[in-house]
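Working notes, beginning with the structure itself.
The values are calculated or read from the model by the stated rules, or taken from the named source; none is laboratory data. Note that the structure is a prediction, hence the values are computed from the model and not measured. Neighbour counts are summed over all protein chains in view; Cβ atoms, including those assigned to glycine, are modelled from backbone coordinates with ideal geometry.
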Amino acid sequence: MVSIDFLVSFVPLFPLLGFLFVAFNTKRFTEGFTAVVACGSVLASFIASLSLFIHLVSTDGVRSIDVALFTWISAGDFTTSISFLIDPLSSLMLLIITGVGFLIHVYSIGYMHDDPGFNRFFSYLNLFVFFMLLLVMGDNYLVMFIGWEGVGLCSYLLIGFWFKNQAYNDAANKAFIMNRIGDLGMLLGIILIFINFGSIQYAEVFSNATNANTSTLTLITILLFIGAMGKSAQIPLYTWLPDAMAGPTPVSALIHAATMVTAGVYMVARNNLLYALSPIAMELIVIVGLATALFAATIALTQNDIKKVLAYSTVSQLGLMFLALGLGAFTGGIFHMATHAFFKALLFLGAGSVIHALHHEQDIRKMGGLRKHLPVTYLTFLIGVLAISGIPPFAGFFSKDEILASAFAHNKIVWAIALLASMLTVFYMFRLLFLTFFGNPRASHDSISHIHESPQSITMPLIALAVLSAIGGFMGIPEALGGSHWLGEFLSPVFAASQPLLEEHHLSHSTEYILMAAVVVLTAMIIGYAYSRYVTKKHLPASEGQITNPAQRILYHKYYIDEIYDLLIVKPVYWISEQFYSVVEKSGIDRLVNFSGRSVESGSKLARLLQNGSLGYYIFAMVIGIALLLGFAGRY
Amino acid sequence: MINSIPINYYIWLSATLFTIGVLGVLYRRNAIIIFMCIELMLNAVNLLMVAFSSYLNDASGQVFVFFIMAVAAAEVAVGLAILVLMYRNTKTIDINVLNRLKW
């Protein structure tokens, strides 16, 4: 029997060892060996997480394990250690990260096959899993922050994985810089926490939180939320996520759908007590989340790149999660995060399978009719679409319903907007499904004849994720449907302290039934509309030049947000840099440096006149010198 | 007999000789003459040493003179060799020709 403490440290250790092992042997290992090492390390980590989870579930009483590995920094009053906290929240995150992470690792074997950077890719993936585990396992803000920065680094490395394409490098830079803005807020928040609480341990901060002054807490929570905005792609820092689709598709699935982007959701849920104590920050989260959910959903309506649609859908779903957190429905947010990890990873991997089969074609206008050629991909993708659309009994139904119910209880307008966003989601997801898999093939005849279903390493993870997307919702069946909401029960210790602070909204079961029925009927109507538009009438999205409807044009260009940022921020920064270059650098620093050089030069020009080469002059100088010396010597 | 000549005379004579040597070094351009002027200065010092040695009845001054004469002989040998080489290279012994050792 391995002791629990060992088990906890094993979880992040395996991916780290996997990373080091592969990274130092990228030139030596064969693809097969690297795949075994990388997948094996994540699988080992998954098994360790699973046994921790089972341990937690079977423990009565206090469900949390705190393991301090070693003291990291000790300076004056400040000490911090590398220590891990395993409680229901982090345990759930561990299962998602290592479980979905393992499936995506397996998928990558098939997807990245024959890529020259195969070994490098797997070393980055393992490093990412390590940092992500650090992020969720840390029992203090500093360990979380290391993980937070580490996943940002891996995201950068993997977005720019095919670094020979300059556009991909630009996307990687954009992601990194956007995240940096958020991380600055995060760091300031952590510093403020240390100043006010004198500690960065979660336990100590939370136990003193109720004594803290509300305005300070509001400032801290808003700063932390700015970090979450960057990492989890919320307005106004969301534009990096759609561009991040430049990375290989497994990366989009793992980092930019299932795990890293949900770090912000995890962080807010972890600090639920601080947020519950600052209503203003909660209001801000509701507004930002709701705005992002609607905004991104509208953009997704008109995109034609299969991965871009999914990316905007991710932004929108993240908005819904933040909406739930802001409403105080922390369980709902985490629940949706978990189910979203399943079905969005599935959708991305399915999209990857399509892209793989069509030899890197991503435009849905050039797909169509793939149902017959890619049956496994089609079926699993269909399950993913049903799950994200909230068709019962698939996973998304339960989690989305929980968010909508808490929105309804909180405020009818919030509910209406959230409902609109989720109905838009239904429409664009079915639009994607119909355009990709239904109708007549629009790909070139040549590529149609070469289409074949992806290899098993790709289809097996798809099937596993499809099963999870189908049944994942059963971990949180609401009481209204005769369930006991196991997940809410499981997570309750984490949110126990904050629950009394929040207003209780209870809906009667009959209201819940009406809401569910309304949502399902609306969803069915929208699916029917999408079917008639894209399958029966064979409507095809117009290409860029042919869009006449101004509203559609604005959506197609993503509200021109990138252009606006370019105009408001990028251009002025370039302009300021240009000014610094021409004024400060050229006529300031350069001049100063040149001046010091020139003054030494002109000084030496004077001094070298002494060395005129005339012997008589030297002798004269010598005689004068001796006479002076003797004269001085004689005086004393 | 020598004691009948006052010490002042010796001092004046050697000071005069030394000054002639210094001025010769400063003003002449012929290397051999400069060389001879240096010897003149050395000998002016020698003369002074010997005079004081006799005046003070102390032999150590005369020992110094022998040292100086030995060193001067060696110096002459080296100096003349330099002059010969200089003449071979430049066909002149004018020191103003030796002005290339500058920046």
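Below is a table of values for the structure above.
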| item | result |
| --- | --- |
| One residue from A:Phe434, A:Phe394 being among the aromatic types (Phe, Trp, Tyr), touching a Ser or Thr at 6+ places or on another chain (Cβ under 7 Å) and assigned by TED's automatic domain parsing to the domain that holds A:Ser353 | A:Phe394 |
| Residue match in segment A:157-171 (condition: in a helix (DSSP H, G or I), in the same structural domain as A:His256 (by TED's automatic domain parsing), free of Cβ contacts under 8 Å to residues at least 40 places away in the same chain and within 18 Å of A:Phe19 (Cβ to Cβ)) | yes |
| Filtered residues of segment A:454-490 (kept if in contact with a Ser or Thr (Cβ under 7 Å, 6 or more places away or on another chain) and part of a loop (DSSP other than H, G, I, E, B)) | A:Ser454 |
| Failed criterion for B:Asn46 (all others in (1) within 14 Å of another protein chain (Cβ to nearest Cβ); (2) more than 20 Å from A:Ile619 (Cα to Cα) hold) | (1) |
| Conditions (1) within 25 Å of A:Ile388 (Cβ to Cβ); (2) touching a residue at least 12 places away in the same chain (Cβ under 8 Å); (3) assigned to a helix (DSSP H, G or I); number of the one not met by A:Pro493 | (1) |
| Set A:Ala212, A:Ala203: member being assigned by TED's automatic domain parsing to the domain that holds A:Met245, in contact with a helix residue (DSSP H, G or I) (Cβ under 8 Å, 6 or more places away or on another chain), surrounded by fewer than 21 Cβ atoms within 10 Å (Cβ to Cβ) and modelled with pLDDT under 90 | A:Ala212 |
| Residue count for segment B:51-65, restricted to those that are surrounded by 11 or more Cβ atoms within 10 Å (Cβ to Cβ) and free of Cβ contacts under 8 Å to residues at least 24 places away in the same chain | 8 |
| Where A:Ala341 falls short, out of the listed (1) more than 15 Å from the chain's Cα centre (by Cα); (2) surrounded by 24 or more Cβ atoms within 10 Å (Cβ to Cβ); (3) among the small types (Gly, Ala, Ser) | (1) |
| Identity of the residue in segment B:13-30, among the small types (Gly, Ala, Ser) and within 11 Å of another protein chain (Cβ to nearest Cβ), that ends up surrounded by the fewest Cβ atoms within 10 Å (Cβ to Cβ) | B:Gly24 |
| Test: residue in segment B:66-75 that is within 14 Å of chain A (Cβ to nearest Cβ), surrounded by fewer than 17 Cβ atoms within 10 Å (Cβ to Cβ) and of a type in the set (Phe, Trp, Tyr) | no |
| Residue ID - farthest from A:Ser58 (Cα to Cα), chosen from residues in segment A:475-526 that are surrounded by 14 or more Cβ atoms within 10 Å (Cβ to Cβ) and touching a His at 6+ places or on another chain (Cβ under 7 Å) | A:His505 |
| Helices (runs of 4 or more DSSP H) wholly inside segment A:527-636 that include at least 3 residues being out of contact with any strand residue (DSSP E or B) (no Cβ under 6 Å at 6 or more places or on another chain), loosely packed, with under 13 Cβ neighbours inside 10 Å and more than 14 Å from chain B (Cβ to nearest Cβ) | A:571-579, A:590-607, A:615-635 |
| Verdict on A:Phe330 being within 17 Å of the chain's Cα centre (by Cα), on the phi < 0 side of the Ramachandran plot and modelled with pLDDT of 90 or more | no |
| Selection from segment A:310-364 of residues that are part of a loop (DSSP other than H, G, I, E, B) and farther than 13 Å from A:Ser399 by Cβ | A:Leu327, A:Gly328, A:Leu358, A:His359, A:His360, A:Glu361, A:Gln362 |
| Any pair with Cβ under 7 angstrom, 6 or more apart, that starts in segment A:251-269 at a residue that is over 19 Å from A:Ile226 (Cα atoms) and ends at one that is modelled with pLDDT of 90 or more and of a type in the set (S, T, N, Q) | A:Ile255/A:Ser155; A:Ala257/A:Thr314 |
| Among (1) surrounded by 17 or more Cβ atoms within 10 Å (Cβ to Cβ); (2) over 12 Å from the mean Cα position of the chain (by Cα); (3) away from chain A (no Cβ under 14 Å), the one test that B:Leu40 misses | (2) |
| Matching option when the condition is closer than 20 Å to A:Arg120 by Cα and more than 28 Å from the chain's Cα centre (by Cα), among A:Gly32, A:Gly40 | A:Gly32 |
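The rows are residues; the columns are (1) buried (at least 18 other Cβ atoms within 10 Å of the Cβ); (2) outside any helix (DSSP H, G or I).
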| residue | (1), (2) |
| --- | --- |
| A:Ala35 | yes, no |
| A:Cys39 | yes, no |
| A:Leu50 | no, no |
| A:Trp72 | no, yes |
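Yes/no matrix, rows are residues, columns are (1) part of a loop (DSSP other than H, G, I, E, B); (2) of a type in the set (A, V, I, L, M); (3) crowded, with 21+ Cβ neighbours inside 10 Å:
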residue	(1), (2), (3)
A:Ser90	no, no, yes
A:Thr98	no, no, yes
A:Gly110	no, no, no
A:Met132	no, yes, yes
A:Leu135	no, yes, yes
A:Asn179	no, no, yes
